[in-house]
Every structure is written in C-alpha cells, then in structure tokens.
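The values are calculated or read from the model by the stated rules, or taken from the named source; none is laboratory data. Since the model is a prediction, treat every value here as computed from it, not as a measurement. When we count neighbours, we look across all protein chains shown, and the Cβ atoms used for this are built from the backbone with ideal geometry, even at glycine. Only protein heavy atoms, including side chains, enter the accessible area calculation; ligands, DNA and RNA are left aside. Shrake-Rupley method; radii C 1.70, N 1.55, O 1.52, S 1.80 Å.
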Amino acid sequence: MRKALRWVLSFVLVIGTVATAGAATAADRSADQKTATDTTDIKDRILAIPGMSLIQEKPYEGYRYFVLNYTQPVDHRRPSKGTFQQRITLLHKDTNRPTVFFTGGYNVSTTPSRSEPTRIIDGNQVSMEYRFFTPSRPQPADWSKLDIWQAASDQHRIFTALKKIYPKNWLSTGGSKGGMTATYFERYYPRDMDGVVAYVAPNDVWNKEDSAYDRFFERVGTKECRDKLNAVQREALIRREPLEEKFKEWADANGATFHTIGTLDKAYEATVLDFVWGFWQYSLLSDCDTIPAATVSDQEIYDTVDTISGFSAYTDQGLTTYTPYYYQAGTQLGSPDIKQPHLGSLSRYGYQPPRNFVPRDIPMKFNPLTMPDVDNWVRHHANQMLFVYGQNDPWGAEQFRLGSGARDSYVYVAPGANHGANVAGLVPDQQAKATARILAWAGVAPAAVQKDESKAKPLAPFDSKLDRQKVERQQTLRP
C-alpha cells in the first residue's frame, strides 16, 4: 500500500549504491582535505569537537561523507538537566568552500545527497535530524522541550562547533517543514547564517483563520480537474461501507491498529479528506488525466484514494514516526482546516486536529503567539532570505511575506509547480536572480555574475545520483 500524505513532505536526494564504509577514495587523498594551518585529516578534526562521535563514514567520489552523533542538551535553557544524541550528516568537500546547513524538519537521510543550494555554491553540506525524531529523541522524552526555539538552538550549537573548521560563508536551507525550520533558525539566531533559502515553507500565522486554503481550492488548476477530484472524493464517502470493508481486510492482514486516532472509521475518513489536498501537493495539472470517473468500481475508487492519500496513513503504525510533527502542529505550528463544501453531510468528523494523531498520554497546549512572532520578524527584519513556493501547492496558500525593513530578500512562485518547487523551476529572470543572490550570499559569485546576474548558474555540474530530487510521500498531511 502506498504511503501518501497530507501533512509531510521530505525532499530526498537519492543516490545509488555506495561502497562499504571506510573505503579509501580519491577524496581521501586529495590535498583539499587539509588546510594551510591544519594538516590533520578532516575526520580527526571533526571528531575532536567535544560531544561529536562517528556512526559511519561512507565514501562518495569527490567528497567525504560522515554520519555523526552530536551531544545536545535536552533543554538549552538548563543544559545541566540531561543530554541526548542528535544525528547529523556531513558531506565534506573542502574547508575552503562555503557550507549549507540543511534540514528537512524530520528524520535525516543517511544516504549522501546534495540540496539545490549546495550544488549552486559547490560547497559542503551539514544535515540535521530534527529533535525528537528517532533516534534523536531524549530518553525519557520530555515533550515540553520540543519547540522551535529548542530546535533552533540545536542548529546554533552545531553551527558554532563546525564553524571553526568551516570558516567560509554558511547558508541554511530546507524544504517544507525544513523551510520553516530554516526560517525559525534565522529568527532566533540571525547572526549565524549569511543567507537563507526556504522552499515551500508554510506560514500559518493565525491557526483559526484558514480561509486562504478554501480560496486556493476554489481556484487551483482547472474547473474540470477540480470537479473530477471532488467527485471521486465524494464517491469514496458515499461508498464508505464497502470501501471500509476493504480497508479492514488490509488492516487485519497487516496488523494495523487505530488506538491513537480512535477508530478505523475516523482513519478512513481522514484519508479520504486528504485526497484533493494530496493530489495538488504531489501531482501536476497534467496528472488529472489519471483520475478516473466517479462511476468506476469500488476497487478503482479505493485504489485511487490509496495512491494519492495512502490508507496506512492514520494507523498507529503510520502515525508513530510523525508524532513529533503532530505535537508541534498542535502546540506551535498550527494546522490547516478546510471546509470542502462539496462533501456536504458526507463528512462525519471534518478535518481532524493534530490532537487526534498524538497519543493521549502526551500533553498538548497550543501557543497562539509563536507564529505571529515569527511572521512579524520575517516581514520587518528578513535579511538575505529567499522563499520559493509552487503555484499549485496547497501549502503555499499561506506564505511568508516581506514588509518594510526586509533587505535583500525575495518571495518567488514557480508556475505550475507543486510542493517540490525549487529555484530551477522559476521563470528565467527570477531563476537567474535567485541563483545570483545565493552565490553572492555564499561569497562565491564569479565576477561575471557580479556584473550581470543573468549569467548566474550552479557552480557544480549536475550529478545524476547526488542531485536526483524526488518528492517522498510519508503518510498524512504534513508539510
């Protein structure tokens, strides 16, 4: 069963098979593993950082790639009250190159990959696993220590430790919740980074005001496509009884349970209500041709919803990995609530809140002041920040915006793009401008680009393995 989602998207740069850890590579022997003032091997320099330990080294041609643990305080305000091991990765190219600090806002991939800004500036990349995503979870877990300031402070400590080894300019980046994370890091530690590239970062300023999403779904794509999607979604609720039987058969066969959300019926409806959102989050307008008419068989309706939304999403097994996200959505980040009037009285529960997706033994209380604070800071204090959105991405209905006081900062929208929007998908003049600014912030803009931004292009050649971006659907509606 496919695992599609409403609330989660990771940007995963997939590479092929790598050799066994520790094997020698050309990069191992390269002179650019040394600096003029320190001839110690880069691995030894990294492991000399207090609290840093090696999990694994994986070779990749032209780089050194390390999977590491870093000791972090559970509470940065009271560092004596316990620590945990936070997993990070380091794609090392050269200490004389700039560095990109990447986070997806969830688990970190331990496969070598390169974010778009890393390729643009031809630099190093540090990637961080977000606190409380396993294995980077304190034991026992004090959930009150999972908030955006604590996570930003994790990044600040990692940056401070590695800046001594990588002294050139640093940029932070991330997609979706990772883009949010990069923005929050900048809000709390504005002196750390030399630039921020935040992709498809939702900005739910007022959690109870979600009319922007309703307006989005009234206009996105074409009326023909919207009607087609709405009809299939309605049909899945009209045929609830026979389709829930199929769902139950699958759940029984796979040992899936529903203790957190409460019932199979709630899980079924939550998956169906994700359908239209999930289509626009992951698909293109041209993909509407793959959506069947509402008159097809029960099995075809079931399979269509499963392909887009994923019936495994709201099982206990599907929710467990993302408990930290739902906790944050229900305490600080906010979550969307759309009306979907075409469903009429067919919906029994509406869009269910994050509280329904977090075990009841974890207390939650929403703070309505956190997101307005971040939004106000970005509007009036953003400096060298770039926000990229997709025209047809539901999460872009509530964007970060710039106001008076923002400097050298930009918000661009990629036409026709979904939640995988990037700089390469912008219209040519914006693509060139964005690339030029990223190069300038990293301190590596060639003289020709400094004179003419239209000449800007990535400094590193495309690597079909290292740079192959795919949008990974990870169960239920998460950014």
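If R0 equals 51 Å, the separation of the Cβ atoms of residue 339 and residue 408 corresponds to a calculated FRET efficiency of about 0.85. For the range 323-417, the relative contact order works out to 25 percent when only alpha carbon pairs closer than 8 Å and six or more residues apart are counted.
I need the calculated FRET efficiency for the pair residue 349 and residue 80, taking r as the beta carbon distance and R₀ as 41 Å, to the nearest 0.05.
On the way: r = 45 Å, r/R0 = 1.09.
The formula returns an efficiency of 0.35 here.
Summing Cβ point charges (Lys, Arg +1; Asp, Glu -1) relative to the Cα centre of the range 239-313 gives a dipole of roughly 200 debye. Stretching the chain fully between residue 401 and residue 40 yields a gain of 125.4 nm (0.36 nm per residue, less the alpha carbon separation).
Between their Cα atoms, which of 58/465; 164/457; 145/365; 93/177 are more than 19 Å away from each other?
164/457; 93/177
Select from 350, 260, 307 the residue farthest towards the positive end of the dipole of the chain; place +1 on Cβ of Lys and Arg, -1 on Cβ of Asp and Glu, and compute about the Cα centre. Of the options given, the answer is 260.
For residue 223, a cut-off of 24 angstrom between C-alpha atoms picks up these lysines, skipping any fewer than 8 places away in its own chain: 339.
Between residue 321 and residue 61, what FRET efficiency comes out of the Förster formula 1/(1 + (r/R0)^6) with R0 = 45 Å and r the beta carbon distance, rounded to 0.05? Given R0 = 45 Å and the Cβ-Cβ separation, E is 0.90. Cross-link candidates for residue 455: which lysines have Cα within less than 22 Å, leaving aside residues fewer than 8 places away along the same chain? Reachable lysines: 433. Scoring 321-329, 379-387, 396-404, 274-282 by mean Cβ neighbours within 10 Å over their residues and listing the highest first yields 274-282, 321-329, 379-387, 396-404.
Counting only Cβ charges, +1 for Lys and Arg and -1 for Asp and Glu, the dipole size of the chain around its Cα centre is about 1280 debye. For the range 269-292, backbone nitrogen atoms closer than 16 Å to the point 7 Å from residue 300 Cα along Cα-to-C-beta are found at 288-292.
At a 1.4 Å probe, what is the % contribution of carbon and sulfur to the accessible area of the chain? Walk me through the numbers on the way to the answer.
Details: 9430 of 19130 Å².
In the chain, the share of accessible area belonging to carbon and sulfur is 49 percent.
Under the shape rule built on the C-alpha gyration tensor, where the axes satisfy a ≥ b ≥ c, the range 35-110 is prolate, since a/c reaches at least 1.5 and a/b is greater than b/c. Give, to the nearest whole percent, the P(r) tail of the range 100-169 beyond 16 angstrom, counting all Cα pairs. Tail of the P(r) past 16 Å holds 55 percent of the pairs. The tail of the calculated P(r) for the chain, taken as Cα-Cα distances beyond 35 Å, holds 32 percent of the pairs.
Calculated [222 nm] ellipticity per residue, helices only, for the chain: -9500 deg cm²/dmol; basis is -39500 (n - 2.57) per DSSP H run with n ≥ 4, divided by all residues, nearest 500. Modelled this way, with points 7 Å down the Cα-to-C-beta line, the labels at residue 227 and residue 252 are 4.0 nm from one another. Between residue 241 and residue 360, residue separation times 0.36 nm minus the direct Cα-Cα distance comes to 40.0 nm.
State log₁₀ I(q)/I(0) for the range 140-287 at q = 0.10, 0.13 Å⁻¹ as given by the Debye formula over alpha-carbon point scatterers of equal weight, solvent excluded. These q points yield log10 I(q)/I(0) values of -0.62, -0.89. Pairs of Cα atoms nearer than 8 Å and 6+ residues apart set the relative contact order; for the range 74-225 it is 25 percent.
Evaluate the charge dipole of the range 411-474 about its Cα centre and quote only its size in Debye, nearest 20, assuming +1 on the Cβ of each Lys and Arg and -1 on the Cβ of each Asp and Glu.
About 100 debye.
Measuring nothing but how far apart in sequence close Cα pairs (under 8 Å, 6+ apart) lie, relative to its length, the chain scores a relative contact order of 23 percent.
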